[in-house]
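Novice: Let me begin by handing over the structure; questions about it come next.
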Amino acid sequence: MSSDADKQAKVERLKTEGNALHVKGDYAAARSKYTDAIKLDDRNAVLYANRAASYIALKQWAVKLDPNYGKAWARLARASSELRAWPLSINAWKRALETLPSTDLTPQQQELKAQYTAGLEQAQTGQKKLDESTMESSGLHVVPANGEMPWDRALRMEDELTAKNILNTSAWAIMNADRDFSEGVVYMKQLQKQGTALRGNLNALMSIVGGLLRDHRVFHMDSQDWLEKLQLQVEFELSAFEGWPVGGPETVKEEAVKRLKEKGWQATRGALGSTIRGWFIRAYLAQNSGESIELALQHYNNIMEVLEWGARTWHDVPSADRGYIFQKTFIRAIRMFRLQAYLQALKSSEDESKYSIEDLIDMANQMVDETTKHVPKDDSDEPVDKGAWFSFFVYPIAEARAILGAVFLQQGMSAKKAGDAEQAENMLAAAAKFYKKAAETYPPDDENAPFYLKIAWEAEAHRGRPLSETLELCERIHKLLPGMMKIWEFNPSSNLKTHMLQLEKFEQRAYVGLLEDRYTLDTPTVRLDLDVSLVQSYCYDLITYPSDS
């Protein structure tokens, strides 16, 4: 057996031992096992998740301790800080300080007070940084209820769209996504603590996750404690359905088979559904809060492993029994999130051997092929309402094409920088082609239609295409804006306005130059000394390519 195999075997043994200790209630020892395993495999998301579960259980255990035992609270505070669970850490440090006398401290007590105070300040600093990141610089937003968000506007259009039988609009996807998402949030807010128990609605995660899979842009928070409530809902449903908060795909597959044999489909369906949706919530928050794109990708990979296994194993079991999570639309939506996460991981990873452009291209092409082959039929049990058609058939193809465009755009820019004119021309032409296809795949009033045309414009500009062609693209973009603004004018996560401002500056420069006879319509666009900062920021600066790429 190779040294790598030996190490992996030891990791699995430590994880198994930790799982057994956790089940027995020896949370401190379980945490130690997981920590030892992490030292051997620090990129294994399952180990971090298991250790997190032990931390949570350890919190419950510590509360039962003598409340005057300051060192126990300090241990809990440090453990919570390792997990970056800052509210728990802050509370534990405060409880530790409360165990000390207010006056006449002994030298040992003064030393403890200094330690506890420093820990509290560190935890408070961590929480402050997280708040600033979550609410301002990440994709997670507290959105005021002003009635002007895309989903609000789309819902107000429903009667008119129905009366006129207008189908090709992004309103259907976002309004139905909001129906699911908002319903789930209402359910989530019904969760209450009654003593040590939780009471609530068990349909919250199904609706919240369902809304995000329909259109991730529907995500919004309406209170500062929204994420805390969501995490509690995840814990509640995992507990109620007897899901598997500890363990990875292999554990879930093994336990699901046992559960099915012992308790039947109803119990198994609930456990699988709560586990998969809990993993998805972890992945989504890790991806969009800036916590860890690699952690998000690992969760998506874990989800896909279980879903693909379940779809194969129970392919002849009715959906009503095995659950919606094994339907093609659900699996395809997860694949789309994983594809986007892979692109982000490719950008951020320092290990060039871990992720590859070739794998990304294969994943994108597979997305297009698989979606195209499974257009719903009249007798299909897949959701095929107006919004679902866009969410699960149109958008996956469009996003896959946009990702291919991003890859070719970066390759073209790298080749151009390296002085390889032929490679640059070929790659930039391919980028423009795929971005145009992506834009044309979206409904014309979706914000991504003008956005992806704008990125196609950037590719054409860097190809040196004449003003006659790039100005024509500008006109196409402007024609889309009025319809798009009716729905997407106030999308809090959009950066389209910044791109439109750049486009307006280009047009002004171009038209002034034409009027002053400094340019003609045959003038290469690159001669206008374009600001390429937006090109480089959007196409993700994937990796540094060799000059002969």
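Novice: Please identify which residues in region 462-489 have an amide N closer than 17 Å to a label point set 7 Å out from the Cα of GLU158, following the Cα→Cβ vector.
Specialist: Under 17 Å, as judged by backbone N against the label point of GLU158, lie 487 of region 462-489.
Novice: May I ask you to list the lysines whose Cα is less than 26 Å away from that of LYS94, ignoring any residue fewer than eight positions away on the same chain?
Specialist: The reachable lysines, counting only those whose Cα sits under 26 Å from LYS94, are LYS59, LYS64, LYS71, LYS113, LYS128, LYS129, LYS193, LYS229.
Novice: List the trypsin sites (Lys or Arg not before Pro) in region 360-468 that DSSP assigns to loop (not H, G, I, E or B) and whose Cβ has at most 14 other Cβ atoms within 10 Å. Which are they? Don't jump to the answer; show the numbers that get you there.
Specialist: Details: sites: LYS373, LYS377, LYS386, ARG401, LYS416, LYS417, LYS433, LYS436, LYS437, LYS454, ARG463; in loops: LYS377.
Those satisfying the criteria are LYS377.
Novice: Can I ask one more? Filter LYS416/LYS454; LYS189/LYS263; LYS7/LYS33; LYS454/LYS497 down to the pairs with a C-alpha to C-alpha distance above 23 Å, please. List each step's numbers first, then the result.
Specialist: Working: LYS416/LYS454 20 Å; LYS189/LYS263 30 Å; LYS7/LYS33 14 Å; LYS454/LYS497 11 Å.
Listed pairs above 23 Å: LYS189/LYS263.
Novice: Net charge around ASN176, counting only other residues with Cβ within less than 9 Å of its Cβ (Lys, Arg = +1; Asp, Glu = -1)?
Specialist: Neighbourhood net charge equals -1.
Novice: Something else about it: Which of the GluC sites (Glu not before Pro) found in region 196-250 are loop residues per DSSP with 16 or fewer other Cβ atoms within 10 Å of their Cβ?
Specialist: GLU242
Novice: Next question. Reachable lysines from LYS164, Cα under 18 Å, same-chain residues fewer than 8 places away excluded?
Specialist: List returned: LYS386, LYS486.
Novice: At a probe size of 1.4 Å, how large is the accessible area of GLU489, to the nearest 10 Å²?
Specialist: 60
Novice: If we count every other residue with Cβ under 12 angstrom of LEU260's Cβ, Lys/Arg +1 and Asp/Glu -1, where does the sum land? Each step should come with its number before you reach the end.
Specialist: Details: positive: LYS253, LYS258, ARG259, LYS261, LYS263, ARG269, ARG322; negative: GLU254, GLU255, GLU262, ASP321.
After counting each charged neighbour, the total is +3.
Novice: Extending each Cα 7 Å along its Cβ direction at ASP316 and ILE166, get the distance between those two points in nm, one decimal.
Specialist: Here the answer is 4.9 nm between the modelled labels.
Novice: Right, here's the next one. Pop a pseudo-label 7 angstrom from the Cα along the beta-carbon direction at both ASP36 and GLU469 and give the gap in nm to one decimal.
Specialist: 6.4
Novice: Please identify every one of the chymotrypsin sites (Phe, Trp or Tyr not before Pro) in region 164-214 that sits in a loop by DSSP and has no more than 10 other beta carbons within 10 Å of its own beta carbon.
Specialist: Within region 164-214, no chymotrypsin sites (Phe, Trp or Tyr not before Pro) qualify (loop, at most 10 other Cβ atoms within 10 Å).
Novice: With a 10 Å radius around each residue's Cβ, average the other Cβ atoms per peptide and rank 290-296, 309-315, 405-411, highest first.
Specialist: Top to bottom by mean Cβ count within 10 Å: 405-411, 290-296, 309-315.
Novice: Could I ask something else about it? From the alpha carbon gyration tensor of region 158-304, can you work out the equivalent ellipsoid semi-axes (sqrt of 5 times each eigenvalue) and give them in Å, largest to smallest?
Specialist: Rounded to whole Å, the semi-axes are 28, 18, 18.
The values are calculated or read from the model by the stated rules, or taken from the named source; none is laboratory data. Nothing here was measured: the structure is a model prediction, and the numbers come from that model. With ideal geometry, Cβ positions are generated from the backbone for all residues, glycine too; neighbour counts draw on all protein chains shown. Remember, those area values only see protein heavy atoms, side chains included, never the ligands or the DNA or RNA. Shrake-Rupley method; radii C 1.70, N 1.55, O 1.52, S 1.80 Å.
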